[in-house]
Amino acid sequence: MDQAAIIGVGMTKIEANKAGDTFADMVWEAVNKALDDAGMTINDVDNVVTTSNDFWDGRTISCMAVGDASGARHKNASCVEGDGTFGAFYGLTRALSGDYGTTLVTAHSKGSESISSLITNAAFDPIYERAIGMDMITACAMQATAYLDRTGTTPDQLAMVSVKNHGNAKQNPLAQLPMDLTVDDVLKSEMLSDPLHKLDCSPVSDGCCAIIIANQARASKYSGRPVWIKGVSFCSDSYFLGDRDLARAPSLAQAAQSAFAMAGIKDPATEIDVAELYDAFTYQELMWLEAMGLCEDGKAGSRLESGDFHRNGRLPVNPSGGLLSGHPVIAAGLIRIAEIVKQLRGEAGGYQIPDARRGVAQGVNGLCGQSHCVWVLDRDNQEKEIG
Amino acid sequence: MQPTKEDCFIVEGKLALPYQYFAGRTGSRFLIALRDEKKIRGIRCEKCNKVFVPPRSTCERCFSDISQSWVDLEDTGTVTGFTVVRYEEPYQPTKPPYILALIKLDGADTPIAHIIKDIPLTEMKLGLKVKAVFAEKTTSTIMDIDHFRPQEDG
Ligand SMILES: [Zn+2]
């Protein structure tokens, strides 16, 4: 594909309750940070994509409530309902269309203002599934049972994901839940829905992320250092859980294969330096790693145990702390992209992975990983070097 | 200036949104059979050789209209996924702890989600053979299957 880059990122701190911020306040903060980061003004932004969800925002046409704060007035502004990575995908296609040189993408939500379980129950089919009490946690617990049964992954190994990610968050000043935990702490935390304990689940969070995407002609016009988008893909699976093989993630496998192929990566397990994945629950980090080909199928638990995915391991996963340490719905995937951008620029501070050159970010939308969006980013634009 | 907590008003709100969900022509026939005959029906895609439940009028695998290929399913099946729900929410059909499961009915290829009762939580396992227990009083909803219970010989 034509070349495009991310030239600016901005994130608010992720918090349990940003009592002093409206949606627009959060967007204002993230957008201005992204503009400063890119060395741009709002006048350099050609078009805007906001990402939000009407139920989480407690209003219909929720995107319109943040148009002012994202500088969308009198600009071509469009809205995506779903994870921020999907908004970014749309923003990228606009930048590549030739009609726009730069796209500002925002994603926000304030979980603190609503009751998450009521909203996720409403995501299930109203005729067949809502009445039996399904919600995000219980549905994912069923998926976790199926994944553990298929692979032999253990509850202890799930707990290690929580220990690792909350530990990583101690170096990330924007994370909501930096914690020193032991496997025992996780296993002794309240059992919400077997096999998921409270500390196997990501928290309810508030936060916003903004990124600026530019086509090749504009990418180097500003002072911000571009990080190059080398491969992107997304793929969806069936809506009903029963129509899928819940113990596997074939749509993620397909999205990852095609994103890696686009980036010219043959063996992602050895060619990727850092990964930020959508660990809404502990088991998901392991399941996604396997589906993406970053680890052999069924082996992520034991690889984690041997330290492969720690900050100093073979493939550091979620060095920022991941969703387990802060999960603003909608913004969560865009934050994964922004974290990889920081890593590839060498600006991740206390959780910097030394000499990270290539990274992968993943976003998820839908129940139990129905659809996935995978981004492969590179510190250098190799095509340019060769040319 | 950073606002202090006292400056931050919370305005209590509620989205009360009545909605009439059409079950679809296919879904309606499914619910009518469940209500009037205590029968669980699925739909077969002849091309894909798959029996879907809940039934749907099109097959997303081969993208064809399958709305007329009804098949009767057994009221027995096998558990392919489950969890024990231990926290309480207003939308739950029964008081926790209770078992939510994916159940592949005999004669179907896609499991449906429902609840399982009449088994100690510690004995719940994948592969359990279960049987539908129909509600005594119909509500013309999926809850006309009240729950599933272990098969006597399972
Ligand atoms: Zn078919």
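The values are calculated or read from the model by the stated rules, or taken from the named source; none is laboratory data. Given the structure is predicted, the values throughout are model-derived calculations rather than measurements. For neighbour counting, all protein chains shown are included, and Cβ atoms are generated from backbone atoms with ideal geometry for every residue, glycine included. SASA here: full protein model, heavy atoms, side chains in, ligands and nucleic acids out. Shrake-Rupley method; radii C 1.70, N 1.55, O 1.52, S 1.80 Å.
For chain B, B:8, B:62 stand unpaired, since no other cysteine beta carbon lies under 4.7 Å from theirs.
Toward the positive end of the charge dipole of chain A, about the Cα centre and with charges on Cβ (Lys, Arg +1; Asp, Glu -1), which of A:96, A:138, A:120 goes farthest? The listed residue farthest towards the positive side: A:96.
For residue A:2 and residue B:36, FRET efficiency with R0 = 51 Å and r from the beta-carbon atoms, rounded to 0.05?
After rounding, the FRET efficiency stands at 0.30.
With the charge dipole of the protein assembly as shown set up from +1 on Lys and Arg Cβ and -1 on Asp and Glu Cβ about the Cα centre, the Cα lying farthest toward the positive end among the listed residues B:45, A:65, A:281 is that of B:45.
Couplings 3J(HN,Hα) of region B:44-55, computed from phi: 9, 9, 5, 5, 8, 6, 10, 10, 9, 8, x, x Hz, in residue order, whole Hz [Karplus 6.51 cos²θ - 1.76 cosθ + 1.60, θ = phi - 60°; x for Gly and Pro].
Working out 0.36 nm times the residue gap between residue B:57 and residue B:21, then minus their Cα-Cα distance, what length gain in nm do you get to one decimal? List each step's numbers first, then the result.
On the way: separation 36, 0.36 × 36 = 12.96 nm, distance 1.66 nm.
Length gained between residue B:57 and residue B:21: 11.3 nm.
Cβ screening of chain A for cysteine pairs under 4.7 Å finds these without a partner: A:140, A:201, A:208, A:209, A:235, A:295, A:368, A:373.
Shielding by partners for peptide B:87-97, expressed as the average number of C-beta atoms from other protein chains within 10 Å of each residue's C-beta, is 5.
Counting Cβ atoms of other protein chains within 10 Å of each residue's Cβ and taking the mean over peptide B:106-119 gives 3. Taking a sphere under 9 Å around the Cβ of residue A:176 and counting the other residues whose Cβ falls inside, with K and R at +1 and D and E at -1, yields a net charge of -1.
Given a 1.4 Å probe and the protein chains as shown, residue B:146 ends up with an accessible area of around 50 Å². Couplings 3J(HN,Hα) for region A:302-317, derived from phi with the Karplus relation 6.51 cos²θ - 1.76 cosθ + 1.60 (θ = phi - 60°), are 6, 5, 4, 4, 8, x, 4, 9, 6, 4, 9, x, 4, 9, x, 10 Hz, where x marks Gly and Pro. Between beta-carbons, use under 11 Å as the cut-off and find the net charge around residue A:112, counting Lys and Arg +1, Asp and Glu -1. Residues near residue A:112 contribute -2 overall. In summary, the aspartates and glutamates within cross-link reach of residue B:50, defined as a Cα separation below 19 angstrom excluding same-chain residues under 8 places away, comprise A:237, A:243, A:245, B:60, B:65, B:72, B:74, B:75, B:106, B:109. Ordered by 1.4 Å accessible area with all protein chains kept, A:56, B:70, A:28, A:375 run largest first as A:28, B:70, A:56, A:375. Which lysines, on any chain, are close to residue A:18 with Cα under 28 Å apart, when same-chain ones fewer than 8 places away are left out? Cα-Cα hits under 28 Å: A:33, A:110, A:164, A:170, A:198, A:342, B:5, B:14. Extension gain for residue B:12 to residue B:72 (0.36 nm times residue separation, less C-alpha to C-alpha distance): 16.7 nm. Under a 5 Å amide H cut-off, with hydrogens placed 1.01 Å from N, residue B:134 pairs with B:146 among residues at least 5 apart or on other chains. Under 5 Å between amide hydrogens, built in the peptide plane, is the criterion, and for residue B:98 it picks out B:85 among residues at least 5 positions away or on other chains.
Using a 1.4 Å probe and counting only protein heavy atoms, arrange B:63, B:134, A:309 so the residue with the most accessible area comes first. Don't skip to the answer; put the middle values down first.
Numbers: B:63 185, B:134 40, A:309 0 Å².
Solvent-accessible surface, decreasing: B:63, B:134, A:309.
Surface composition of the protein assembly as shown: carbon and sulfur atoms hold 51% of the protein heavy-atom accessible area at a 1.4 Å probe.
In order along region A:157-173, phi translates into HN-Hα couplings of 5, 4, 4, 5, 5, 5, 4, 4, 6, 5, x, 4, 4, 4, 8, 9, x Hz, rounded to whole numbers, per the Karplus curve 6.51 cos²θ - 1.76 cosθ + 1.60 with θ = phi - 60° and x for Gly and Pro. Once backbone amide H atoms are built at 1.01 Å from N, residue B:40 has B:73 as its partners under 5 Å, excluding neighbours fewer than 5 places away on the same chain.
Accessible surface computed residue by residue for region B:23-150, with neighbouring protein chains in place and a 1.4 Å probe, gives 48 Å² per residue.
Given R₀ = 41 Å, FRET efficiency for residue B:139-residue A:64 by Cβ-Cβ distance, to 0.05?
0.60
Going 7 Å from the Cα of residue A:297 in the Cα-to-Cβ direction, what parts of region A:149-165 have a backbone nitrogen less than 19 Å from that spot? Backbone N within reach: A:149-154.
Computed from the Cβ-Cβ distance with R0 of 30 Å, the FRET efficiency linking residue A:239 to residue A:269 stands at 0.45.
About the Cα centre of region B:23-150, how large is the charge dipole given +1 on each Lys and Arg Cβ and -1 on each Asp and Glu Cβ? Please answer in debye to the nearest 20.
Values: 20 positive and 17 negative charges, 31 e Å.
Around 140 debye, computed over region B:23-150.
The mean sequence distance of close C-alpha pairs (under 8 Å, at least 6 residues apart), as a share of the length of region A:79-221, puts its relative contact order at 33 percent.
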